[in-house]
1. Answer with yes or no whether MET293 is touching a Leu at 6+ places or on another chain (Cβ under 6 Å) and outside any loop (DSSP other than H, G, I, E, B).
2. SER341 versus (1) among the small types (Gly, Ala, Ser); (2) away from ligand 2 (no atom under 13 Å from the Cβ); (3) part of a loop (DSSP other than H, G, I, E, B); (4) surrounded by 18 or more Cβ atoms within 10 Å (Cβ to Cβ): which is the lone unmet condition?
3. Mind listing just one residue for me: the one in segment 252-282 that is within 15 Å of ligand 2 (Cβ to nearest atom) and under 22 Å from ILE216 (Cβ atoms) and, of those, surrounded by the fewest Cβ atoms within 10 Å (Cβ to Cβ)?
4. Please work out if THR230 is surrounded by fewer than 22 Cβ atoms within 10 Å (Cβ to Cβ) and within 12 Å of ligand 1 (Cβ to nearest atom).
5. If you take the residues of segment 349-369 that are under 20 Å from ALA176 (Cα atoms) and charged (D, E, K, R), which of them is nearest to ligand 2 (Cβ to nearest atom)?
6. Kindly provide the set of residues from segment 381-405 that are within 14 Å of ligand 1 (Cβ to nearest atom) and closer than 18 Å to TRP214 by Cβ, ordered by number.
7. Take ALA185 and tell me if it is closer than 21 Å to ILE292 by Cα, within 16 Å of ligand 2 (Cβ to nearest atom) and assigned to a loop (DSSP other than H, G, I, E, B).
8. Just to be sure, is GLY346 farther than 17 Å from ALA187 by Cα and either within 15 Å of ligand 2 (Cβ to nearest atom) or free of Cβ contacts under 8 Å to residues at least 40 places away in the same chain (or both)?
Amino acid sequence: MARILLVFGIIGCLWQGGYSLKYDNHTLLRFLLKNDAQVEAAHHFHDPEGEVEVLKVGRGVNDTMDFLVPPNKLSFVNEFASSIGLKVEAKKKNYGRSFEDLHDERTPRRRYLKSFNLYEYHSFGQIQEFLNLMAARHPHLLTLQSLGNSYEGRVMKLAKISLNPRAGNPIIFVDAGIHSREWVAPAYALYMIHRLITDPAAVQPGGELDGVDWYILPVANPDGYEFTRTARSNRLWRKTRSKNGHCYGVDGNRNYGFKWAVSGVSKNPCDKETFAGPKPFSEPETRMVRNIMMENSKLMKLYVSLHSYGQYLVYPWGYTGDILPKEWKKLDSMARAVSDSVKRAGGKPFRVLSAGKWYPAAGGSDDFAFGAVGVPYSYTMELTDGYEFLFPETLLREVLPQFYEGFRTFGTHIKKEFGRDRLKWKAADEEE
Ligand code: 0X9
Ligand code: ZN
């Protein structure tokens with residue numbers, strides 16, 4: 001019997017084109033939130049079997065909420081929506097197959113690094129090779145610090161970019177890709193590393209590197225990242241790859257030790273999305289990010305965690321929507337300035353608000369940096385709007401330079417408030 005089932009299984013797979021994908025037959029359903037009551041009610045959506053994945057939580061009126069729904073749950077979700085008078089859009093049917101529309105992004109295109117196209121997605125190995133090459137070519141600007149090994153043994157390296165590491169400049173720390181399926185985040189981090197060290201304007205007086213040091217960790221969850229590239233069925237994997245009982249992975253952005261697990265987490269290791277881990281900092285990957293923050297706590301003035309999607313720029317607190325830090329106006333206004341710069345460069349503006357007012361979720365790196373380490377400016381940046389997690393490579397050329405304009409504004413603000421020349425800036429401001 002088992003043999004017959006196996007044969008039928010193989011035939012089934014071949015019939016579908018050689019393999020089956022995990023999200024085959026899934027539909028991406030989008031709720032269009034029209035009033036506060038719907039926003040509130042939509043937040044309470046719950047699938048008891050845990051088969052429906054919430055891809056994006058709706059922030060408020062006129063925002064959307066995205067669900068990935070298997071065929072057996074379509075009527076359940078539609079009925080829920082109509083019970084609260086919600087309009088539903090079926091964005092993509094057969095979601096699994098849509099991974100292939102964007103050409104085969106998971107397969108490395110070349111064996112050796114002849115040239116590295118910043119507007120393509122790359123394997124972790126290629127990324128490491130690229131970083132090594134850049135460090136060898138630009139040793140006066142870029143140094144790589146090995147941080148340690150990921151759960152599966154991948155060496156994680158921090159890119160430190162500085163004109164003068166001994167000057168005691170304020171540090172901007174950016175990490176990307178703690179959620180492995182959010183590929184656009186590492187892609188932007190690499191673009192930023194490359195641009196900071198090759199754009200002649202960056203080293204000029206008043207440029208991005210004048211008076212500020214940039215620390216960038218482009219792939220904060222390398223095991224998960226490789227899993228989304230190589231396991232055909234798991235392009236949408238979000239967590240790390242540690243083993244917890246018979247299930248895999250912890251949500252790195254629920255694993256930080258500040259107000260750990262007080263809201264928006266799952267305690268179930270088999271939960272595909274938001275398992276907070278068996279204890280705070282159970283993951284080597286989050287411990288490495290924590291160490292970077294702690295070791296540089298005096299000089300670190302800005303932390304940005306890059307994610308996707310939705311074009312949000314959110315600040316603490318993330319663990320609650322009930323209170324804001326007393327400094328929230330400063331956090332808010334820097335974020336709005338960044339968003340304006342991206343908009344001026346032709347990009348979409350960001351929705352700016354506290355993370356907890358969007359939806360409360362504890363154990364995030366942004367809250368830890370702000371609340372435990374004392375980094376005065378801390379954000380989570382959700383890059384891109386449209387295409388959900390499958391942002392096409394063909395659009396990277398357009399959006400990455402737009403995001404960079406936002407980061408130039410971050411740099412200018414940090415320099416003004418914390419740089420050695422801040423008195424000069426202050427005098428100039430007062431003269432205006
Ligand atoms: O839920 C998250 O971890 C982030 N969104 S994502 O869609 N990329 O998963 C938002 C995190 C915001 N910060 C906190 N809640 N602390
Ligand atoms: Zn994320």
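The values are calculated or read from the model by the stated rules, or taken from the named source; none is laboratory data. As the structure is a computational prediction, the values presented were derived from the model and not from experiment. A quick note on method: Cβ atoms are made from the backbone with ideal geometry, for glycine too, and the neighbour counts reach across all protein chains shown.
1. When the stated conditions are applied, MET293 does not pass them.
2. Looking at each condition in turn, SER341 falls short on (3).
3. GLY252
4. No; evaluated as a whole, the condition is false for this residue.
5. Among those that are under 20 Å from ALA176 (Cα atoms) and charged (D, E, K, R), it is ASP366.
6. MET381, LEU383
7. Here the answer is no, as ALA185 does not meet what is asked.
8. no
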